[in-house]
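In what follows, a structure is listed as structure tokens, so that the remarks can point back to it.
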Amino acid sequence: MFGYVDDSKSREGTKRPKDAAILYMILGVVLVLTFILINIFLHRSSCEESCYSLLFLLAVPGAAFVTGLVYRLVTHDLNEPIRDTTRGCAVGTAVSAMFMLFAVLLELGTDEGFSIYQGKEIQLWFFSIEKKYFYDLFAVVWYPYNLSVILSALRKERFHGSSVFYSCIAVMGSTLSGILIFRPMSNIYSIDLVVLNTITLAVGLWKYAIPEKTVRKGNVITAVVLYAVMRIILLPLQCSNWGPGYGDFIKAIQVITSNAPFFGTSEYLKNAGFVNEYLASHRKPMLQLLYYFGWSSVIVMVLLLALFVFVILKLAGLKNGREHRRWLIFATAAAMLAIRAVMGFLYSFGVRYPIELPFMGNEGSIMDSMAFTLLLICAWENRKIRVFHLRKDGIVSVEQKPGAPDDPNGNIQKEIISKYAEDDRPDCMESEVSYFDEEEEEDWI
């Protein structure tokens with residue numbers, strides 16, 4: 001027989017790659033706290049806002065706890081027995097559609113007390129919640145989770161034609177539910193949902209479809225393009241609420257940017273009544289930084305935002321994207337924060353994509369805290385995957401014992417390593433894909 005040992009002790013003198021996950025987690029937390037403190041400094045002009053800042057600081061740990069709890073409850077096991085096939089996913093979509101139609105009937109037949117689609121709040125008689133608090137949970141957790149279940153089932157069925165048809169029904173069901181629920185809100189939510197859903201689908205196909213030899217990359221790209229085009233075509237049916245006008249905002253940008261010095265505040269801006277009134281009644285962090293500290297503060301803020309985007313991408317860990325079973329949720333969270341960092345900065349200078357900078361808005365900062373908490377969970381689970389691979393690489397064969405069978409191709413060694421890998425594999429890793437055989441496929445198709 002062969003003997004196999006852990007080679008970690010024999011390689012004490014060998015340098016292992018450093019684990020930078022903890023460093024990026026700490027750096028990310030420091031950046032988040034920096035953004036929060038800047039936000040508090042800029043908006044403590046009144047007692048009411050100062051109290052709000054204190055409440056916001058107290059709400060951040062609560063948001064992190066709720067995020068972790070929801071994540072564990074929703075994503076406990078992606079291998080759902082009911083939706084283990086694409087046909088099961090399509091049936092689940094049909095059942096959900098029946099409940100949605102029943103909700104529409106109930107909403108139309110009830111004068112008050114029940115509302116899901118028509119207002120900006122979800123009202124269930126004695127309970128109500130604004131949809132803006134539910135939006136990020138849908139876009140970052142629920143939609144990616146459903147897409148992971150659908151694409152995982154599609155991969156098991158080797159992307160056969162009928163399986164693709166069933167999965168398209170399921171994907172469209174999740175998409176239309178989001179459109180119907182968030183349509184009454186301001187148009188930026190509809191536009192942002194299009195962007196995030198399209199990114200989620202593209203990342204999901206990269207994770208589940210591209211590695212398969214039977215799938216053509218051109219077909220994957222075509223699927224993403226068609227989905228994006230379909231969502232853009234549907235936008236005019238959703239966008240009916242553009243919110244307040246941009247006239248005063250653009251005027252404030254022009255006055256501040258044309259008169260701001262490199263350091264400090266100019267005398268002209270101090271005496272500009274319109275600018276002072278506008279900044280006192282609007283949360284515009286970049287304009288306020290420019291007003292108080294000049295262009296130097298904007299340069300520093302750009303560097304901080306660039307570092308923040310770099311850190312969240314590192315926390316997401318593209319290298320483990322195809323191995324991490326829940327990575328689609330984390331990728332969407334990273335995409336959301338990156339979009340808010342980039343487009344929030346551009347919006348501060350007049351680009352019409354009204355979205356706040358991460359951790360520098362109002363209620364949206366709570367949702368940013370939830371997305372960032374997901375990325376911290378991702379970094380920790382990526383660390384588990386890394387440790388697993390290091391242990392797996394540490395298993396080596398020792399000299400063959402007398403009378404043992406030859407193993408010139410190392411098949412026995414591979415089998416033992418594979419067995420160890422199954423026993424020690426962390427639950428956040430994808431398990432080996434068990435494809436349906438032809439008989440099972442025929443039963444379902």
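The values are calculated or read from the model by the stated rules, or taken from the named source; none is laboratory data. Since we're looking at a predicted model, the values are computed, not measured. Reconstructed Cβ throughout: ideal geometry from the backbone, glycine too, with neighbour counts over all protein chains shown.
Each row is one residue, and each column tells you yes or no for (1) in contact (Cβ under 8 Å) with a residue 40 or more places away in the chain; (2) assigned to a loop (DSSP other than H, G, I, E, B).
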{"position": "Thr257", "(1), (2)": "yes, no"}
{"position": "Phe262", "(1), (2)": "no, yes"}
{"position": "Thr265", "(1), (2)": "no, yes"}
{"position": "Tyr268", "(1), (2)": "no, no"}
{"position": "Asn276", "(1), (2)": "no, no"}
{"position": "Leu289", "(1), (2)": "yes, no"}
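Being touching a helix residue (DSSP H, G or I) at 6+ places or on another chain (Cβ under 7 Å), at pLDDT below 65 and under 30 Å from Met286 (Cα atoms): is that true of Glu356 here?
Judged against the criteria, Glu356 is not a match.
Going by the structure shown, is Leu237 of a type in the set (A, V, I, L, M) and surrounded by fewer than 15 Cβ atoms within 10 Å (Cβ to Cβ)? Outline the logic, then answer.
Numbers: of a type in the set (A, V, I, L, M): yes; surrounded by fewer than 15 Cβ atoms within 10 Å (Cβ to Cβ): yes.
Criteria met by Leu237.
Are any of the residues in segment 142-158 within 25 Å of Arg352 (Cα to Cα) and at pLDDT 85 or above? Steps first, answer last, please.
Step one: of segment 142-158, the residues within 25 Å of Arg352 (Cα to Cα) are none.
No; the residues of segment 142-158 include none that is within 25 Å of Arg352 (Cα to Cα) and at pLDDT 85 or above.
Sort through Ile366, Ile395 and tell me the only one that's aliphatic (A, V, I, L, M) and at pLDDT 75 or above.
Values: Ile395 fails: at pLDDT 75 or above.
Sole residue among the options that is aliphatic (A, V, I, L, M) and at pLDDT 75 or above: Ile366.
Return yes or no: is Thr86 among the polar types (S, T, N, Q), modelled with pLDDT of 70 or more and touching a Leu at 6+ places or on another chain (Cβ under 7 Å)? Before you say what the answer is, go through the steps one by one.
On the way: among the polar types (S, T, N, Q): yes; modelled with pLDDT of 70 or more: yes; touching a Leu at 6+ places or on another chain (Cβ under 7 Å): yes.
Against the criterion (among the polar types (S, T, N, Q), modelled with pLDDT of 70 or more and touching a Leu at 6+ places or on another chain (Cβ under 7 Å)), Thr86 qualifies.
Please give the number of the condition Arg322 fails out of (1) part of a helix (DSSP H, G or I); (2) modelled with pLDDT under 90; (3) not aliphatic (A, V, I, L, M).
It is condition (1) that Arg322 fails.
Within segment 15-31, which residues are modelled with pLDDT of 90 or more and of a type in the set (A, V, I, L, M, F, W, C)?
In the first step, residues of segment 15-31 are kept if they are modelled with pLDDT of 90 or more; the result is 23-31.
Answer for segment 15-31, where residues must be modelled with pLDDT of 90 or more and of a type in the set (A, V, I, L, M, F, W, C): Leu23, Met25, Ile26, Leu27, Val29, Val30, Leu31.
Do we have any residue at all in segment 119-139 that's touching a Leu at 6+ places or on another chain (Cβ under 7 Å), surrounded by fewer than 19 Cβ atoms within 10 Å (Cβ to Cβ), more than 30 Å from Tyr347 (Cα to Cα) and not hydroxyl-bearing (Ser, Thr, Tyr)?
Among the residues of segment 119-139, not one is touching a Leu at 6+ places or on another chain (Cβ under 7 Å), surrounded by fewer than 19 Cβ atoms within 10 Å (Cβ to Cβ), more than 30 Å from Tyr347 (Cα to Cα) and not hydroxyl-bearing (Ser, Thr, Tyr), which makes the answer no.
For segment 354-385, give me each residue that is touching a strand residue (DSSP E or B) at 6+ places or on another chain (Cβ under 9 Å) and among the acidic types (Asp, Glu).
Initial filter on segment 354-385 (touching a strand residue (DSSP E or B) at 6+ places or on another chain (Cβ under 9 Å)): 363, 378, 381-382, 384-385.
Glu363, Glu381, listed by residue number.
Quick test for you: out of Ile179, Ile210, pick the one residue that is part of a helix (DSSP H, G or I) and β-branched (Val, Ile, Thr). Can you show your working first?
Values: Ile210 fails: part of a helix (DSSP H, G or I).
Result of the check over Ile179, Ile210: Ile179.
Using the structure shown, decide if Val309 is at pLDDT 90 or above and within 18 Å of Leu37 (Cα to Cα). Break it down stepwise before answering.
Details: at pLDDT 90 or above: yes; within 18 Å of Leu37 (Cα to Cα): no.
In short, no.
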